[in-house]
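Asks: Please read through the structure below; I'll follow up with questions.
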Amino acid sequence: PFRQFKNMNRLFTANIETTRPIIDKVFPFEKAKEVYAHLEPQAHVGKVDVTIT
């Protein structure tokens, strides 16, 4: 596992300008309960963002 971690970090470092996180869905803070419902089935791909305005 540590070797895989080192390889992953090397790839990210080599492509630091082009590597971006995948955002699955964005929720406003007021709908935070919906975030849990979205995450529970574990079918999301990428990050789930909660915005605070």
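Asks: Please go through the chain and write out the GluC sites (Glu not before Pro) that DSSP classes as loop and that have at most 14 other C-beta atoms within 10 Å.
Replies: Within the chain, the qualifying GluC sites (Glu not before Pro) (loop, at most 14 other Cβ atoms within 10 Å) are GLU17.
Asks: Could you give the angle, 0 to 90 degrees to the nearest 10, between helix 2-14's Cα long axis and the longest principal axis of the Cα atoms of the chain?
Replies: Helix 2-14 sits roughly 90 degrees off the main axis of the chain.
Asks: Separate question: Rounded to the nearest 0.05, what FRET efficiency do PHE12 and GLN42 give with R0 = 30 Å and r taken as the Cβ-Cβ distance? Could you check?
Replies: So the FRET efficiency works out to roughly 0.80.
Asks: Still on this model: Step through the residues of the range 27-33 one at a time and calculate ³J(HN,Hα) from phi using the Karplus curve (6.51 cos²θ - 1.76 cosθ + 1.60, θ = phi - 60°), rounding each to whole Hz and writing x for Gly and Pro.
Replies: Computed from phi, the couplings for the range 27-33 are 10, x, 4, 4, 10, 4, 4 Hz.
Asks: Moving on. Quote to one decimal, in nm, the extra length available between ASP24 and GLN4 on full extension: 0.36 nm per residue of separation minus the C-alpha distance between them.
Replies: Result for the pair: 4.7 nm of gain on full extension.
Here, each number is a calculation from the coordinates, and none is a lab measurement. Predicted model, so just to flag it, every value in this text is computed and none were measured. Don't worry about glycine lacking a Cβ; one is built from the backbone with ideal geometry, like all the others, and counts go over all protein chains shown.
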